[in-house]
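Have a look at the structure below before the remarks.
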Amino acid sequence: MRTLVWLVVLAIIAVAAATALQDSAGLVSIYWGTSRIDLSLKLFVLLFVGAGIALMLLLQGLNVLFGLPERARAWRLSR
């Protein structure tokens, strides 16, 4: 039952995203030296949000990784 609810929610999200992203009127041009990259505004926003999420996950992973010695020390003391 829980799987069915998640599939319905996922389908609703997909339909909402397809409806919202159907018309692409904006354009983002990125200039780097003599090169130019043209992206649709919606693709740029999706990439920007994805990069933000990836950066957040990377920082959380590094925080956990650098916190391991303290957790190991606390575990050894508790035993």
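The values are calculated or read from the model by the stated rules, or taken from the named source; none is laboratory data. Since this is a predicted model, take the numbers as computed values, not measurements. Don't worry about glycine lacking a Cβ; one is built from the backbone with ideal geometry, like all the others, and counts go over all protein chains shown.
Can you report the number of residues in segment 1-30 which are of a type outside the set (V, I, T) and touching a strand residue (DSSP E or B) at 6+ places or on another chain (Cβ under 8 Å)? Walk me through how you get there before you give the answer.
So the first thing to find is which residues in segment 1-30 are of a type outside the set (V, I, T), and the list is 1-2, 4, 6-7, 10-11, 14, 16-18, 20-27, 29.
Of the ones still in play, those that are also touching a strand residue (DSSP E or B) at 6+ places or on another chain (Cβ under 8 Å) are 24, 26-27, 29.
Residues meeting the conditions: 4.
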So which residues in segment 16-52 are β-branched (V, I, T), loosely packed, with under 10 Cβ neighbours inside 10 Å and modelled with pLDDT of 90 or more, if there are any at all? T34
